[in-house]
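Below is one structure, written out as structure tokens; the observations come after it.
The values are calculated or read from the model by the stated rules, or taken from the named source; none is laboratory data. None of the values given here were measured: they were computed from a predicted structure. Cβ sites come from the backbone with ideal geometry, for glycine too, and all protein chains shown count toward neighbours. Just so you know, the surface numbers come from the protein's heavy atoms only, side chains and all, with ligands and any DNA or RNA stripped out. Shrake-Rupley method; radii C 1.70, N 1.55, O 1.52, S 1.80 Å.
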Amino acid sequence: MNIIAVGISHKTAPVEVRERLAVPDSRLGEALHRLCSYPGIKEGVLLSTCNRVEVYAVVEDVEVGYARVQEFLADTHLSLSSEQLTPYLYWHMDDRAIGHLFRVAASLDSMIVGEPQILGQLKDAFEAALTHKASGVILNKLVKKAISVAKRVRTETKIAETAVSVSYAAVELARKIFSNLGEKTVLLVGAGEMAKLAAKHLINSGVRRVMVTTRNPQGALELAKRFNGLSIPFDEFRREMAEADIVLCSTGASQYLIRAEDVQQAVRRRLNRPIFLIDISVPRNIEPAVKDIDNAFLFDIDDLEMRVEQNREERRREASRAERIIEEEVRVILHWLKSLDVTPTIVALRKRAEEIKQAELEKVMGRFGHLSPQERGAIEGLATGIVNKLLHGSLVTLKAEADSAGSAMFVEAAKRFYSLDQAPTPEHQDSTDTPESEREHSGKDR
Amino acid sequence: MPVPFFMATLVLYLIGTGFFLAYLLRRSEALSKVSLAITGIGFLAHTVALLTRMMEAGHVPLASFHEAMSFFSWTLVLVFLIVEVRHRIHVLGSFMLPLALISLLSAAALPKEVPTLEPVLNTVWVHVTLSMLGTVGFAVAFVAGLMYLIQDGLLKSKRFNVLYAKLPPLDFLDHLNQQSIILGFPLLTLGIIAGALSAEFARGSFLNWNPEQLWALVTWVFYFVVLMGRLTVGWRAKRAAYLTIIGFACVILTFIGVVLKGHGAIA
């Protein structure tokens, strides 16, 4: 029983390939059924987003599993053969496969490291696998763990904290000047895409009052409607600027639209309340001399991009901390997986029964101090007989299911029925077991 | 003797200051918890020290400069803890705690004996308490102004460093500056009036035009102008930050003058 991950992502395949493999939600059920119908594939989860298409599966044999999943992926699109796909694919097994799943969930493998959508997409993929009964004991546990690992990474590192887009960097800067964006007013000058995006982010962050102006009055009206704001005649916006706490400027004009004296005047009329100006236009529309005016804070496109670059750097730093968390969590889950093997469970079950038997025998023998050897033998025989007969069915079933699809489920059940996890002795055994199990896993990987 | 608690407070504030300064310069947020815990324990020790001293003396412990400085330091930490609980701005501690430490150190350097008050002077503590509370307001305004200027400078020069990341938004600092003056100024005014009244009873003249009294009046006028300027013609933000820093410097000068002349007893 092994875990594998096979797929393509933005790192290994261009969009032309990814789009052909992508499975739309409507066909997810059918795809999952097809995946699980391949012999040797016991459980499967299919994650299909615009940046990746990958399959996580529990298989009997790794090589066979790899081949089957590759076939499955190629079959999703008629024009692709299995061989054509080979250069784009990656294959992971066991601890590497689990690590990959965790990294994907924690958004370490995303195009923009730390972006949060992937976690929702993974949850959806998992829901689908549950609905279509494609995932079982092992993948259920793995994906749930992946989700909790992703949350842990997000709370313990700053991976998703900082802005990594120019438009969002503007919001981040605004937050360093104004503590409550809810009571601030933004003035949008021009209809450049990036400025509109920044305005949208600001509104999402609480800004309620929006003023819009463009050279074309019709455009201003439309924009104002879109942002639920106020349109202002282009000739007058310099006067209205005193009303605005945040000025977003992005037009196609080739000269300065806002001059230093305009800002100076606005600041004066604002009684020195700070004003935050963002110039996303190239060529610039706000005179650079504005930076020398007290209580006016001007940032141009280069400043925002520098900020984004610094944040990316920060995210990369945080990513290495996240990797350590993931390593740690992979070890935990490997330990759990190891415990799902049939043999140690049988050993633990026998041991537990033996302990109970011995304990009960001691009690009885203590009560009858003067028993003859025959009598002792008879009582011992009785105990042994009952224990063995009771265990017989469980042991036979476990052995029989050792290589079947449901083995993990039976092991899990046996452990619960006989409380094998709680007993003090098996636990003790576990701890001496750990190094060995890890050795075994890393051995398998090579 | 309350001295052990006083010394314990001193040591705790010293360690707390160290941690808060390290917090200021490190990327990690983890140090803030340690710094806060140490400050909290220090504050408790300080409270015990003040209470024991009060019981020993039988009056509010504000009759000597040692006591006044210790009280000043205690109130600073109290204000910091209140702002911290409400706004979670840990970095404020990196500025407030050093100030509390300095005032406690100066308290330690001043004569510690409990003065025996002449009956005519036993109302002097009202004057001292009010003036000290007013001064705490100015001290907080000073800290807010200092932080404002640093953050303003970082934003203007586009240096987005660790300090930038930790300092709160500009308008929060400006608001803190304003609130501190609005609270501090009336307290100082009442403090001066109370002082004049005690002097009137003690000496028969409420003002004898000595340099410290003059400085105190200058300070009062200064803050009056700062406050009015803010409320009417927009002396806020950077200008307010500069003015409150200058104002606090005046306050400290007054203090030094009074202490040097008074040699320990307020009268």
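List the relative contact order of chain A as a percent without decimals, with contacts defined as Cα pairs under 8 Å and 6+ residues apart.
Numbers: 640 pairs, mean separation 55.5, N = 446.
Rounded, it is 12 percent for chain A.
Leaving ligands, DNA and RNA out of it, rank A:S254, A:S82 by accessible area with a 1.4 Å probe, largest first. Write down the numbers at each step before the final one.
On the way: A:S254 95, A:S82 30 Å².
I get A:S254, A:S82, largest accessible area first.
Could you list which residues have their amide H under 5 Å from that of A:F297, counting only those 5 or more apart in sequence or on another chain, with H placed in the peptide plane?
Under 5 Å from the amide H of A:F297 lie the amide H atoms of A:I275, A:F276, A:L277, each far enough along the sequence or on another chain.
Can you give the convex hull volume per residue for the Cα atoms of the protein assembly as shown, as a whole number of Å³?
226
Only Cα pairs within less than 10 Å get springs; with that Gaussian network setup on chain A, which residue of A:S79, A:S339, A:S48 has the largest fluctuation?
Residue with maximal mean-square fluctuation among A:S79, A:S339, A:S48: A:S79.
For A:L230 and A:T131, what is the calculated FRET efficiency with R₀ set at 51 Å and r taken between the beta-carbons, to the nearest 0.05? If you can, show how the numbers build up before the last one.
Numbers: r = 48 Å, r/R0 = 0.94.
The formula returns an efficiency of 0.60 here.
Could you check what % of the DSSP bridge pairs in the protein assembly as shown are antiparallel, to the nearest 5? Let's see the in-between values first.
Values: 20 of 41 bridges.
Restricted to the protein assembly as shown, the bridges split so that about 50 percent are antiparallel.
Can you tell me the Rg and Dmax of segment A:6-51, counting just the alpha carbons, in angstroms?
When restricted to the Cα atoms of segment A:6-51, Rg and Dmax are 11.6, 31 Å.
Taking only complete DSSP H runs, can you tell me which helices of chain A stretch 30 Å or more along their own long axis by Cα positions and average at least -1.0 on the Kyte-Doolittle scale? Mind dumping the intermediate values first?
On the way: long enough: A:301-339 (55 Å, -1.12); A:342-367 (38 Å, -0.37); A:373-401 (41 Å, 0.12); A:424-445 (32 Å, -2.39).
Both cut-offs are met by A:342-367, A:373-401.
Keeping all protein chains in the complex and leaving out DNA, RNA and ligands, what accessible area do you get for A:I293 with a 1.4 Å probe, in Å² to the nearest 10?
Here the accessible area works out near 10 Å².
Once amide H atoms are placed 1.01 Å from N in the peptide plane, what residues at a sequence separation of 5 or more from A:S231, or on another chain, have their amide H within under 5 Å of its amide H?
HN-HN under 5 Å from A:S231: A:V212.
Convex hull over the alpha-carbon atoms of segment B:118-267: what's its volume per residue in Å³? If you can, show how the numbers build up before the last one.
Working: hull volume 17.1 nm³, N = 150.
Per-residue hull volume (Cα only) is 114 Å³.
Which residues' amide hydrogens lie under 5 Å from the amide hydrogen of A:K42, considering only partners 5 or more residues apart or on another chain, with H built in the peptide plane?
A:V58, A:V59, A:E60
For the residue pair A:N140 and B:E200, what label-to-label distance in nm results when each label sits 7 Å from Cα along the Cα-to-beta-carbon direction?
8.4
Between chains B and A, what is the buried accessible area summed over both chains (1.4 Å probe, protein heavy atoms, nearest 100 Å²)? Walk me through the numbers on the way to the answer.
Values: alone 12980 and 22850 Å², together 33740 Å².
Counting protein atoms only, the buried area is about 2100 Å².
Taking segment A:225-318 on its own, what percent of its Cα-Cα pair distances exceed 23 Å? Spell out each step's value before the answer.
Working: 1379 of 4371 pairs.
Result: 32 percent of Cα pairs exceed 23 Å.
Can you tell me how chain B classifies by the Cα gyration tensor, rounded, prolate or oblate, using a/c under 1.5 as the rounded cut?
On the way: a/c = 2.49, a/b = 1.29, b/c = 1.93.
Oblate is the answer for chain B, as a/c is 1.5 or above yet b/c matches or exceeds a/b.
Between A:Q264 and B:L78, what FRET efficiency follows from the Cβ-Cβ distance if R0 is 41 Å, with the result rounded to 0.05? The partial results should precede the final answer.
Details: r = 42 Å, r/R0 = 1.01.
Once the sixth-power term is evaluated, E becomes 0.50.
Find the accessible area per residue for segment B:1-116; the probe is 1.4 Å, ligands and nucleic acids are left out, and the unit is Å².
Details: 5170 Å² over 116 residues.
Ligands and nucleic acids excluded, the figure is 45 Å² per residue.
I'd like the accessible area for A:E328: 1.4 Å probe, protein heavy atoms, all chains in place, Å² to the nearest 10.
That residue has around 80 Å² of solvent-accessible surface.
At a 1.4 Å probe radius, carbon and sulfur cover how many percent of the accessible area of chain B?
It is 76 percent, rounded to a whole number.
With a 1.4 Å probe and all protein chains left in place, how much of the accessible area of chain A comes from carbon and sulfur atoms, in whole percent?
52
Taking the Cα centre of segment A:166-308 as origin and charging only Cβ (+1 Lys, Arg; -1 Asp, Glu), how large is the dipole, in debye to the nearest 20?
480
Roughly how many whole Å is it from the C-alpha centroid of segment A:135-149 to that of segment A:263-316?
If we compute the Cα centre of each part, the gap is 46 Å.
For the full complex of protein chains and a 1.4 angstrom probe, list B:Y242, A:Y90 by accessible area with the highest value first.
On the way: B:Y242 120, A:Y90 25 Å².
Largest to smallest exposure gives the sequence B:Y242, A:Y90.
For chain A, what does the accessible surface come to per residue with a 1.4 Å probe? Please give it in Å². If you can, show how the numbers build up before the last one.
Values: 21810 Å² over 446 residues.
Counting only protein heavy atoms, the per-residue value for chain A is 49 Å².
Could you name the aspartates and glutamates in cross-link range of A:K158, using Cα to Cα under 17 Å and dropping any fewer than eight places away on the same chain?
In chain and number order, the partners are A:D109, A:E115, A:E172, A:E309, A:E313, A:E314, A:E318, A:E323, B:E29.
With labels modelled as points extended 7 Å from the Cα through the Cβ direction, what inter-label distance (nm, one decimal) is found for A:R376 paired with A:R96?
Taking the simple label geometry, A:R376 and A:R96 are separated by 5.8 nm.
What is the packing order of peptides B:166-175, A:307-316, taking the mean over residues of other C-beta atoms within 10 Å and listing the highest first? Spell out each step's value before the answer.
Values: B:166-175: 21.9, A:307-316: 16.9.
In decreasing order of mean packing, B:166-175, A:307-316 become B:166-175, A:307-316.
What is the ratio of the Cα radius of gyration of segment A:1-95 to 2.2 N^0.38 Å, with N the residue count, to two decimals?
On the way: Rg = 12.1 Å, N = 95, 2.2 N^0.38 = 12.4 Å.
Against the empirical 2.2 N^0.38 Å value, I get 0.97 for segment A:1-95.
For segment B:165-183, state which residues have at least 30 Å² less accessible area in the presence of all protein chains than in their chain by itself, taking the probe as 1.4 Å and leaving out ligands, DNA and RNA.
In segment B:165-183, residues shielded by partner chains: B:P169, B:L170, B:D171.
Please compute the modelled spin-label separation between B:H175 and B:A249, points set 7 Å along Cα→Cβ, answer in nm with one decimal.
Rounded to a tenth, the inter-label distance reads 3.0 nm.
Add -39500 (n - 2.57) for each DSSP H run of 4 or more in chain B, then divide by its residues: what number comes out at 222 nm, to the nearest 500 deg cm²/dmol? Let's see the in-between values first.
Details: 9 runs with 213 residues, N = 267.
Mean residue ellipticity, 222 nm, calculated: -28000 deg cm²/dmol.
I'd like the accessible area for B:W235: 1.4 Å probe, protein heavy atoms, all chains in place, Å² to the nearest 10.
For B:W235, the solvent-accessible surface is approximately 70 Å².
For A:K11 and A:M409, what does the FRET efficiency come to when R0 = 51 Å and r is the distance between their Cβ atoms, rounded to the nearest 0.05? Write out the running numbers ahead of the final one.
On the way: r = 35 Å, r/R0 = 0.69.
My answer for the efficiency is 0.90.
Obtain the radius of gyration and the Kirkwood radius of segment B:1-116 from its C-alpha atoms and give Rg over Rh.
Numbers: Rg = 14.4 Å, Rh = 14.2 Å.
We get a ratio of 1.01 for segment B:1-116.
Regarding segment A:137-261, what whole-number volume in Å³ per residue does the convex hull of its Cα atoms give? Spell out each step's value before the answer.
On the way: hull volume 19.0 nm³, N = 125.
Hull volume over Cα atoms, normalised by residue count, gives 152 Å³.
At q = 0.09 Å⁻¹, work out log10 I(q)/I(0) for segment A:54-193 with the Debye formula, treating every Cα as an identical point scatterer and leaving solvent out; two decimals please.
Log-scaled intensity ratios, in q order: -0.44.
For segment A:74-118, just the Cα set please: Rg and Dmax, both in angstrom.
Rg, Dmax (Cα atoms, Å): 13.7, 34.
When the helix-only estimate is applied to chain A (DSSP H runs of n ≥ 4, each -39,500 (n - 2.57), divided by the residue count), what is the mean residue ellipticity at 222 nm, nearest 500 deg cm²/dmol?
Working: 17 runs with 257 residues, N = 446.
Calculated mean residue ellipticity at 222 nm is -19000 deg cm²/dmol.
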